[in-house]
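Beneath this line is the structure, given in structure tokens, with notes to follow.
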Amino acid sequence: MRQKQEIFFITNLLAGGGKARKRWQSFVEESQSRDFRINCHLTKYPGHALELAKQAVDNGVKRIVVFGGDGTLNEVLNGVIRDDRLIDPEIQLVFLGAGSSCDVEKLFSDRLLLSDRVLSEKSYTVDVAKVICNDKNGNRITRYFLANSSVGVISQSVVAFNRKTMMMSFLKRLNVDIAALFAGFRNVFQFGNFSTDITIDQTEHLSRSLKNLTVFKCSYFGGGMNYGVPSSCDDGKLHIALINKMGRLKTLSYIPSLYSGSVFKKANAEYHQGYRVTLSGENLPVAVETDGEIIGTPPCEYSILPKLLHLIL
């Protein structure tokens, strides 16, 4: 009898408000008839997936399967890159989306079934976006992401969504989209605007009072929302969405256009493209979010690392 290939898994059972646990059980049952054996490493705390990924690469693992949400994939991504390069150029990440939104998956129209991805040889060579910002202690840090990064009302809504309150836990179990909407609506009335200077490719200089800035590779975010811009995993560009200053009620009126992908038809919305974006200002009272994870605060410097990673999904 042929011995099954052992595959290294990093699994987050708390993804999707805890719904990943049931999805994992179903996946394990289905995988019993497949030609691989699961070497499972469960995440136990924020940042653990990053640590597990670093250890795996240091131990010579070439293929890491990530079972979880965008945040789990983001941690693993940051565990396999050092100084803008893959620690091992042969590393491959396999993403089995089991989170709240799994926006990274939306970059690809011909996704395989989860169990088919584990041993698939069909990989995409994708761009990785880079952001430098301040951590909670004011130290400059570097993080990498695949889908999007927001600064403003969206990032502050992620802060609210990630709070471990009884209400949020209940809503996530009920329906993740409802939980996201609740966090977003509540935050609209708590967060105002912020003034900042934006530079794109050192040639375009903008001074704005903003409701939100998003730098993205994937136009989808928050599960069902969408900037409505065709984007690609390997076009070598950063896409930039600016939502300019507005009041709370007007902000609420923009939400339907985010779900329909028509927000750039609105007067207060701007779309730009570039390869390097800086966001500067003094004591900006707002969080920086990447792929659903809060990482720090501005000032920010964004850039693109073209076709850096081999991703399977």
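Each value in this text was obtained by applying a stated rule to the coordinates, not by laboratory testing. Here the structure is a predicted model, which means the values were calculated and not measured. Please note: Cβ atoms are built from the backbone with ideal geometry, for glycine as well, and neighbour counts cover all protein chains shown.
Can you tell me which of Lys237, Lys245 is under 19 Å from the mean Cα position of the chain (by Cα) and in contact (Cβ under 8 Å) with a residue 40 or more places away in the chain? Show your work before the answer.
Details: Lys245 fails: under 19 Å from the mean Cα position of the chain (by Cα).
Testing whether each residue is under 19 Å from the mean Cα position of the chain (by Cα) and in contact (Cβ under 8 Å) with a residue 40 or more places away in the chain leaves just Lys237.
Can you find, within region 1-30, the residue that is farthest from the chain's Cα centre (by Cα) among those that are among the small types (Gly, Ala, Ser) and surrounded by fewer than 19 Cβ atoms within 10 Å (Cβ to Cβ)?
Start the filter on region 1-30 by keeping residues that are among the small types (Gly, Ala, Ser), which leaves 15-18, 20, 26.
With surrounded by fewer than 19 Cβ atoms within 10 Å (Cβ to Cβ) added as a condition, the list becomes 18, 26.
Numbers: Gly18: 18, Ser26: 25 Å.
Only one residue tops the list, namely Ser26.
Among Arg163, Arg173, Arg140, Arg117, which is surrounded by 15 or more Cβ atoms within 10 Å (Cβ to Cβ) and more than 18 Å from Met225 (Cβ to Cβ)? Reasoning before the result, please.
Working: Arg163 fails: surrounded by 15 or more Cβ atoms within 10 Å (Cβ to Cβ); Arg173 fails: surrounded by 15 or more Cβ atoms within 10 Å (Cβ to Cβ); Arg140 fails: surrounded by 15 or more Cβ atoms within 10 Å (Cβ to Cβ).
Checking each option against the conditions leaves just Arg117.
For residues that are of a type in the set (Lys, Arg) and buried (at least 22 other Cβ atoms within 10 Å of the Cβ), scanning just region 209-248, find the one that is nearest to Phe194 (Cα to Cα). Let's see the steps before the verdict.
If we filter region 209-248 for residues that are of a type in the set (Lys, Arg), which is where we start, we get 211, 217, 237, 245, 248.
The next check asks that each one be buried (at least 22 other Cβ atoms within 10 Å of the Cβ); those that pass are 211, 217.
Working: Lys211: 7, Lys217: 24 Å.
Applying the filter and picking the extreme gives Lys211.
A quick yes/no check of all residues on (1) assigned to a helix (DSSP H, G or I); (2) in contact with a Lys or Arg (Cβ under 8 Å, 6 or more places away or on another chain); (3) closer than 23 Å to Gly71 by Cα:
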| site | (1), (2), (3) |
| --- | --- |
| Gly236 | no, yes, yes |
| Ile240 | no, no, yes |
| Tyr254 | yes, yes, no |
| Leu258 | yes, no, yes |
| Gly296 | no, yes, yes |
| Pro299 | no, no, yes |
| Leu305 | no, yes, yes |
| Leu309 | no, no, yes |
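Can you tell me which residues in region 153-177 are within 19 Å of the chain's Cα centre (by Cα), in a helix (DSSP H, G or I) and of a type outside the set (Gly, Ala, Ser)? Spell out how you get there, then give the answer.
In the first step, residues of region 153-177 are kept if they are within 19 Å of the chain's Cα centre (by Cα); the result is 153-163, 172, 176-177.
Those still in the list that are in a helix (DSSP H, G or I) too: 153-162, 172, 176-177.
Of everything in region 153-177, those that are within 19 Å of the chain's Cα centre (by Cα), in a helix (DSSP H, G or I) and of a type outside the set (Gly, Ala, Ser) turn out to be Val153, Ile154, Gln156, Val158, Val159, Phe161, Asn162, Lys172, Val176, Asp177.
In region 75-114, which residues are surrounded by 15 or more Cβ atoms within 10 Å (Cβ to Cβ) and among the small types (Gly, Ala, Ser)?
If the condition is that a residue be surrounded by 15 or more Cβ atoms within 10 Å (Cβ to Cβ) and among the small types (Gly, Ala, Ser), then Gly79, Gly97, Ala98, Gly99, Ser100, Ser101 are the ones that fit.
Given the options Ala147, Ala183, Ala160, name the one that is touching a strand residue (DSSP E or B) at 6+ places or on another chain (Cβ under 8 Å) and of a type in the set (A, V, I, L, M, F, W, C). Steps first, answer last, please.
Working: Ala183 fails: touching a strand residue (DSSP E or B) at 6+ places or on another chain (Cβ under 8 Å); Ala160 fails: touching a strand residue (DSSP E or B) at 6+ places or on another chain (Cβ under 8 Å).
Unique residue meeting the criteria: Ala147.
I'd like to check which strands (runs of 3 or more DSSP E) are fully inside region 29-139 and have at least 3 residues that are among the β-branched types (Val, Ile, Thr), in contact with a Phe, Trp or Tyr (Cβ under 7 Å, 6 or more places away or on another chain) and under 28 Å from Gly222 (Cα atoms).
Details: elements: 36-42, 63-68, 92-97, 124-134.
So the answer is 63-68.
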